[in-house]
1. Which numbered condition trips up Arg116, out of (1) more than 30 Å from His55 (Cβ to Cβ); (2) open to solvent by less than 40 Å² (accessible area, probe 1.4 Å); (3) under 13 Å from the mean Cα position of the chain (by Cα)?
2. Show the residue pairs meeting these rules: Cβ distance below 7 Å; 6+ apart or different chains; first residue within the range 160-174 and at pLDDT 80 or above; second residue in a loop (DSSP other than H, G, I, E, B).
3. Taking the range 40-69, which residues are under 27 Å from the mean Cα position of the chain (by Cα) and open to solvent by 50 Å² or more (accessible area, probe 1.4 Å)?
4. Looking at the range 113-134, can you tell me whether even one residue there is under 14 Å from Gln100 (Cα atoms) and of a type in the set (D, E, K, R)?
5. State whether the residues of the range 119-134 include one that is modelled with pLDDT of 90 or more and outside any strand (DSSP E or B).
6. List pairs: first in the range 14-36 and among the aliphatic types (A, V, I, L, M), second surrounded by fewer than 19 Cβ atoms within 10 Å (Cβ to Cβ) and assigned to a loop (DSSP other than H, G, I, E, B), Cβ under 6 Å, 6+ apart or cross-chain?
7. Hey, among the residues in the range 9-32 that are of a type in the set (Asp, Glu) and either open to solvent by 30 Å² or more (accessible area, probe 1.4 Å) or within 23 Å of the chain's Cα centre (by Cα) (or both), which one's modelled with the lowest pLDDT?
Amino acid sequence: MQLVVARVGRAHGIKGEVTVEVRTDEPELRLAPGAVLATDPASTGPLTIETGRVHSGRLLLRFAGVHDRTAAEALRNTLLIADVDPEMRPEEDDEYYDHQLIDLDVVLADGTEVGRITEISHLPSQDLFIVERPDGTEVMIPFVGEIVAEIDLDEQRAVITPPPGLIDDRAEIVSTRDAEAEAAAEAEAASAKESGEDSIKDSSGDDA
């Protein structure tokens, strides 16, 4: 099974290094020196990682045969693809590979549907589920224990307990707008009623 593990960014320095956007939880395994990776587009690969180091929080790689800035820049936006055994599991019970999480149904504890995981975003501080809702919009769910209560691979679902506002912000906005509209309508009705009463009183006075 082939999985995208990184995307090549811009060239760094003049000796062929490139920055990479990591898309795997195991960069030390998938992006280690000596690893041979397929590429998209295929014409730029395969690429063999020669060296790797972290600089200012970014992973820098150098590939065999790429030793100057021009060659490195030519690789920009190339996707790096690794062969992964689909049955392989991380060592820790609470860890998962991206391909195991993609397409899982996301539901609340009461079974209410939230959407489907379409992408995993790996940020320096935490990982995020990119979840597509039934209406086509997206919501980002932090992959932390306080929010993701359960991952059930057998049932192909992720159960979440989101804090207020994480997924229902739009509902709250709509609710607020409805309340404001209702208040405005009530005020208009009250104003119309008062005008009607004044008109009746004026008419009564004229008759007298």
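The values are calculated or read from the model by the stated rules, or taken from the named source; none is laboratory data. Predicted model, so just to flag it, every value in this text is computed and none were measured. Because the Cβ atoms are built from the backbone with ideal geometry, glycine has one as well, and the counts that use them run over all protein chains shown. Accessible surface is based on the protein model in full, side chains and every heavy atom, while ligands, DNA and RNA are left aside. Shrake-Rupley method; radii C 1.70, N 1.55, O 1.52, S 1.80 Å.
1. (2)
2. These pairs meet every condition: Ile160/Ile147; Thr161/Ala109; Thr161/Ile147; Pro162/Ile147.
3. Narrowing the range 40-69 to residues under 27 Å from the mean Cα position of the chain (by Cα): 40-42, 52-61.
Listed by number, the residues that qualify are Asp40, Pro41, Ala42, Arg53, Val54, His55, Ser56, Gly57, Arg58.
4. Taking every residue of the range 113-134 in turn, at least one turns out to be under 14 Å from Gln100 (Cα atoms) and of a type in the set (D, E, K, R).
5. yes
6. Val36/Pro46
7. That would be Asp25.
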